[in-house]
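As structure tokens, the structure follows; a few thoughts come after it.
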Amino acid sequence: MDKPPVDMLCVGVGAGSGVAADDIVAAVLAVCGGAPVAVLATLDRKVSAPAFVEAAEALGAVLVGYPADRLAAVTVPNPEGGVESAVGTPSVAEAAAMLAANGGPLVLTKRVTNGVTAAVCIGGTATGSIGGTAASARSVSESVE
């Protein structure tokens with residue numbers, strides 16, 4: 001497999017069920033500024049949540065999800081016991097970003113904005129993920145408005 005472009009941002013996001021798309025977008029913009037986001041990655045059960053689908057569309061990103069056991073297998077700099085108790089993995093944002101980046105570096109560890117946790121990696125192919133609103137990855141608009 002070829003290496004991905006170095007400017008491809010993969011953002012991992014973790015959030016509770018009451019979060020809105022605007023909150024996710026705001027958290028991603030807080031960590032990425034105006035840089036385009038290629039992949040929005042999260043827990044597999046969140047990829048069908050309207051807030052995540054709408055946020056990916058607004059960001060012009062592909063939405064991908066990973067099962068908790070796969071996220072839990074990733075060594076992250078900031079694991080959290082409370083997250084592990086709630087969803088079965090000590091990390092969603094950092095681990096999802098790292099998986100989506102397919103080995104690309106974690107360039108920004110998790111940051112929390114309005115109850116949404118986001119982390120950023122560079123690189124990525126988002127292989128072996130569950131994406132979109134059900135079982136296939138969704139590509140959305142290429143520009144961020």
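The values are calculated or read from the model by the stated rules, or taken from the named source; none is laboratory data. Every value quoted in this text rests on a predicted model; they were computed, and no experiment measured them. Quick reminder, even Gly has a Cβ in these numbers, built from the backbone with ideal geometry, and neighbours come from all protein chains shown. Areas reflect the complete protein model, heavy atoms only, side chains present, ligands, DNA and RNA absent. Shrake-Rupley method; radii C 1.70, N 1.55, O 1.52, S 1.80 Å.
Some observations on this one:
- Any chance GLU57 is closer than 13 Å to VAL11 by Cα, among the acidic types (Asp, Glu), surrounded by 16 or more Cβ atoms within 10 Å (Cβ to Cβ) and at pLDDT 95 or above: no
- Restricting segment 83-97 to residues that are part of a helix (DSSP H, G or I) and open to solvent by less than 50 Å² (accessible area, probe 1.4 Å), the residue that is nearest to VAL11 (Cα to Cα): ALA97
- Note on segment 83-112: among residues that are polar (S, T, N, Q) and over 13 Å from the mean Cα position of the chain (by Cα), the one that is farthest from VAL47 (Cα to Cα) is SER85.
- Subset of segment 12-38 (residues that are assigned to a strand (DSSP E or B) and of a type in the set (A, V, I, L, M, F, W, C)): VAL13, ALA15, VAL37, ALA38
- Single condition ASP69 does not satisfy, out of (1) touching a residue at least 40 places away in the same chain (Cβ under 8 Å); (2) open to solvent by 40 Å² or more (accessible area, probe 1.4 Å); (3) more than 19 Å from ASN114 (Cα to Cα): (1)
- Here segment 68-82 is the region considered, the condition is being assigned to a helix (DSSP H, G or I) and under 15 Å from the mean Cα position of the chain (by Cα), and the residue that is nearest to LEU108 (Cα to Cα) is LEU71.
- Against the numbered list (1) under 16 Å from ALA15 (Cβ atoms); (2) open to solvent by less than 30 Å² (accessible area, probe 1.4 Å), VAL76 comes up short only at (1).
- Segment 98-116, subset under 13 Å from GLY14 (Cα atoms) and surrounded by fewer than 22 Cβ atoms within 10 Å (Cβ to Cβ), residue modelled with the lowest pLDDT: ASN114
- When ALA41 is tested against (1) within 14 Å of VAL120 (Cα to Cα); (2) not in a strand (DSSP E or B), only condition (2) is not met.
- Against the list (1) more than 21 Å from LEU106 (Cα to Cα); (2) touching an Asp or Glu at 6+ places or on another chain (Cβ under 7 Å), the condition ASP23 fails is (2).
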